[in-house]
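Worksheet: one structure, shown below.
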Amino acid sequence: MAVDNTFATPCLQRPLELGCDIVMHSTTKYLGGHCDVIGGLNVVANEELAARLLSLRSATGGVAGPFDAYLVLRGVKTLALRMERQVASAAAIAAWLEQHPGAGAVHYPGLESHAGHDLAGRQMDGFGAVVSFVPDGDVAAFMNRLGVFSIAESLGGVESLAGHPATMSHSNLTAAQRSAIGIDDKLIRLSVGIEDIDDLMADLDQALAAGR
């Protein structure tokens with residue numbers, strides 16, 4: 001069993017302790033943390049499996065360059081501090097959005113209304129720093145008014161990002177395919193960074209007002 005643990009990071013969830021065989025991370029995201037490196041890694045506990053992966057890596061040449069490795073190691077030094085701030089801010093934003101008149105459905109496992117809330121509470125040490133929601137108003141107007149949040153597909157950096165999956169990360173799927181996997185075409189995904197929480201909420205508030 002292989003698990004992509006990019007969104008949780010080792011700070012919030014450690015799948016090897018839960019019986020998984022391979023844990024994958026996009027080092028581009030939280031481990032690097034500064035949106036300046038592209039990479040990934042696999043973590044295993046079984047020595048035989050590790051040897052097989054090492055042989056495959058040697059054959060395919062998928063090895064990070066020295067400077068990329070340095071950037072990830074630099075990022076890991078501040079990972080725990082960044083995650084603490086980002087998770088706390090994301091939880092506050094999710095709770096605030098759930099009560100906001102300009103926001104419809106809000107998706108965040110830290111909310112009791114989330115279907116996976118109990119499961120996440122049992123196996124994680126926090127609920128992550130990504131929040132998604134469906135604005136009641138016009139999506140384009142909302143996105144165009146954002147100032148503190150940057151519009152981008154990535155996540156996990158110190159900067160707060162807002163993405164629109166229907167036209168960005170999942171634009172290669174049809175509307176029917178997106179609907180089948182629970183992606184509303186108005187869905188907005190927020191990767192909450194380390195900026196001041198009041199600045200982030202004020203930015204979302206004025207953008208939601210513009211879209212209504």
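None of the figures in this text is laboratory data; all of them are computed from the coordinates on show. From a predicted model like this one, the values you see are computed outputs, not experimental measurements. Cβ coordinates were reconstructed from backbone atoms using ideal geometry, including for glycine residues, and neighbour counts include every protein chain displayed.
Compute the acute angle (0 to 90°) between the alpha-carbon long axis of helix 47-60 and the principal axis of greatest extent of the alpha-carbon atoms of the chain; round to the nearest 10°.
80 degrees
For the chain, set up a Gaussian network in which alpha carbons nearer than 10 Å are linked by springs, and say which option among Val87, Val44, Val134 fluctuates the most.
Per the Cα network of the chain with a 10 Å cutoff, Val44 tops the list.
Return one number: the angle in degrees, 0 to 90 and rounded to the nearest 10, between the long axis of the Cα atoms of helix 66-76 and the longest principal axis of the Cα atoms of the chain.
60 degrees
Set Lys and Arg Cβ to +1 and Asp and Glu Cβ to -1, take the dipole of the range 2-76 about its Cα centre, and tell me which of Thr9, Val23, Leu71 lies farthest positive.
Leu71
Report the full-extension gain for the segment Leu18 to Thr167: residue separation times 0.36 nm, less the Cα-Cα distance, to one decimal in nm. Mind dumping the intermediate values first?
Details: separation 149, 0.36 × 149 = 53.64 nm, distance 3.52 nm.
Result: 50.1 nm gained on full extension.
Tell me which of Ile183, Asn46, Gly156 sits at the most positive position along the dipole axis of the chain, charges placed on C-beta atoms (Lys, Arg +1; Asp, Glu -1).
The listed residue farthest towards the positive side: Asn46.
Only Cα pairs within less than 10 Å get springs; with that Gaussian network setup on the chain, which residue of Thr27, Thr60, Thr78 has the largest fluctuation?
Largest GNM mean-square fluctuation: Thr60.
For Gln177 and Ala115, what is the calculated FRET efficiency with R₀ set at 22 Å and r taken between the beta-carbons, to the nearest 0.05? Present the calculation step by step, with values, prior to reporting the outcome.
Numbers: r = 21 Å, r/R0 = 0.95.
Once rounded, the FRET efficiency stands at 0.60.
In degrees from 0 to 90, rounded to the nearest 10, what is the angle of the helix 79-98 Cα long axis to the longest principal axis of the chain?
Roughly 30 degrees between the two axes.
Show the residues, 5+ positions off or on another chain, whose built amide H is closer than 5 Å to the amide H of Gly104.
Val134, Asp136
Over what distance in Å are the Cα centres of the range 79-104 and the range 195-210 separated?
So the separation of the two Cα centres works out to 12 Å.
Once you keep just the Cα pairs under 8 angstrom separated by 6 or more residues, what percentage relative contact order results for the chain?
20 percent
How large is the charge dipole for the chain, taken about the Cα centre, if only the Cβ atoms of Lys, Arg (+1) and Asp, Glu (-1) carry charge, to the nearest 20 debye? Working shown, then result.
Values: 14 positive and 24 negative charges, 95 e Å.
My answer is approximately 460 debye.
Which value in deg cm²/dmol, rounded to the nearest 500, describes the helix-derived mean residue ellipticity at 222 nm for the chain, given -39,500 (n - 2.57) per DSSP H run of n ≥ 4 and division by the residue count? Walk me through the intermediate numbers first.
On the way: 8 runs with 84 residues, N = 212.
Rounded to the nearest 500, the figure is -12000 deg cm²/dmol.
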